[in-house]
Amino acid sequence: MKLKSLLAVLVFTIAATACHSGQKPVRPRVVVPKEFLNLSKEEIFKKGEALYQQKKYPKARSYFSNVYENFPNDPLGRRSLLRIADTFYMQGDSVNLVDAQYKYRDFINRYPGSEFADYALFQIANVSFKQLEKPDRDQTKTREAVQKYREMIQAYPKSPYRVEADAKLQKAQDRLAQHEHVVARFYMKRGDRSAAILRLNALVQDYPNYGHRDEVFYDLGSSLDALGRKGEARLYYERVVSEFPKSDLVGKAKEKLQTKA
């Protein structure tokens, strides 16, 4: 116990002596990577761009990070933050996509009035779009993409990225519609035609631009037919024939209509 007390007093004495000696604490020396020495921010950014074009994304990121960290309020510093996000996005795996989305969101939070804010919002949606699952899988990311594209389009209706955002929004909505169609056909295979009809009717209402509406109408006709609702079934077979004359299902729909004539 005495030994411990002596050690404690010794440590305290040394610390007190250091504090009263008038010596300033030693600060760690900032080491500047040699590749950045004697280069202007423009030159560093340009080298980062060259590496980016060569798809050397981690290395390019180090150059963009140098510009952003040293000149965060400079226009080139702002562009560098976007480029940092782009390097993560281009690497494309799930971990880097999370980092990309965070950096794009960070850009919007820091510079909401930037001329590149629409691009950052567009890229946030693209991150979710890049992670879309197949129609028979969970559609969380698809719903995220739909929401983000809508937010971007609403905020920046005249953005130069509007056309691409509209196209990707439609693809994401088609994926959600395909998911609903897969579920409806699952119910059809199980013989639960009522559940299938509910899904198919919701699909028709919620996704009017779905590219396989001829198949949806035929499935509705088939399901209604199986429940003995012949008159309603006929209406959907007729829609296949009249609205989709080039569909592969026209022949089958006509056969169904002939048997009910």
For HIS179: the one exception among (1) in contact with a Pro (Cβ under 7 Å, 6 or more places away or on another chain); (2) not in a helix (DSSP H, G or I); (3) not polar (S, T, N, Q): (2)
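Residue by residue through the stretch 163-208, note down the ones that are of a type in the set (S, T, N, Q) and closer than 17 Å to ASP138 by Cα. Steps first, please.
Step one: list which residues in the stretch 163-208 are of a type in the set (S, T, N, Q), which gives 170, 173, 178, 194, 201, 205.
GLN173, GLN178 - these are the residues of the stretch 163-208 that are of a type in the set (S, T, N, Q) and closer than 17 Å to ASP138 by Cα.
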Would you please list the contacts, defined by Cβ atoms under 6 Å and residues six or more apart or on different chains, that run from a residue in the stretch 171-183 that is farther than 20 Å from LYS148 by Cβ to a residue that is open to solvent by 40 Å² or more (accessible area, probe 1.4 Å)? GLU180/ARG199; VAL182/ASP136; VAL183/ARG199
Restricting the stretch 169-224 to residues that are among the β-branched types (Val, Ile, Thr) and touching a helix residue (DSSP H, G or I) at 6+ places or on another chain (Cβ under 8 Å), which is nearest to VAL241 (Cα to Cα)? VAL216
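Tally the residues that are closer than 11 Å to LEU121 by Cβ and of a type outside the set (Ser, Thr, Tyr), restricting the search to the stretch 138-158.
7
The values are calculated or read from the model by the stated rules, or taken from the named source; none is laboratory data. What you see is a predicted model; the values in this text were computed from it and never measured. Glycine gets a Cβ as well: all are built from the backbone with ideal geometry, and neighbour counts include every protein chain shown. Side chains included, ligands, DNA and RNA excluded: accessible areas come from the protein's heavy atoms. Shrake-Rupley method; radii C 1.70, N 1.55, O 1.52, S 1.80 Å.
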